[in-house]
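Peer 1: What follows is a structure written as structure tokens; I'll ask about it next.
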Amino acid sequence: MRWGAVGRRPVAWVAAVVLLLEALGIVFVNGVLATVVDNQRMSLAGLDPDAMSAGSWVLGGILGLFLVLCAAIVVRTAVRDRAPGRWARYALIGCAVVHGVLGALAVGLVGWTAFAFLMVVLGMLVLVLVAYEQRDAAAA
């Protein structure tokens, strides 16, 4: 099935918005977890609560920045209406893999709603990668 600009661009824009919202959510959730760990002075297997709190902030920030980077790549792809470059494609593939693994974990830990959300985002990322790749291969 061939996707024209009518099908590719809206999916790319929606994927970018969802990735940005997801980045904000990840940073917020990790911030809440860090605050709870810090306020309750919780420890896991003897780990320092300050280290756990700092680690949660750092992980949330890194994952949030990665999702913002992926959203920027998808926006650039939608604006230019061309497939992303090699390293940008690697970043989007990595983002898709992370969503797949988190989706598998989310079923048992959070529930089917979180799994469905993560699989929708995974599907949009794969669709962006495949739809733009088909166009460039046909043009060559």
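Peer 1: Quickly run through the stretch 111-140 and pick out the residues that are at pLDDT 90 or above and open to solvent by 80 Å² or more (accessible area, probe 1.4 Å).
Peer 2: Selection gives W112, T113, F117, V120.
Peer 1: Which residues, counting only those in the stretch 40-57, are in contact with a helix residue (DSSP H, G or I) (Cβ under 9 Å, 6 or more places away or on another chain), surrounded by fewer than 15 Cβ atoms within 10 Å (Cβ to Cβ) and part of a helix (DSSP H, G or I)?
Peer 2: Within the stretch 40-57, Q40, D50, A54 qualify.
Peer 1: A83: surrounded by 18 or more Cβ atoms within 10 Å (Cβ to Cβ), assigned to a loop (DSSP other than H, G, I, E, B) and hydrophobic (A, V, I, L, M, F, W, C), yes or no?
Peer 2: Against the criterion (surrounded by 18 or more Cβ atoms within 10 Å (Cβ to Cβ), assigned to a loop (DSSP other than H, G, I, E, B) and hydrophobic (A, V, I, L, M, F, W, C)), A83 qualifies.
The values are calculated or read from the model by the stated rules, or taken from the named source; none is laboratory data. This is a predicted model, so every value here is computed, not measured. Cβ atoms come from the backbone with ideal geometry, glycine included; neighbour counts cover every protein chain shown. Accessible surface is based on the protein model in full, side chains and every heavy atom, while ligands, DNA and RNA are left aside. Shrake-Rupley method; radii C 1.70, N 1.55, O 1.52, S 1.80 Å.
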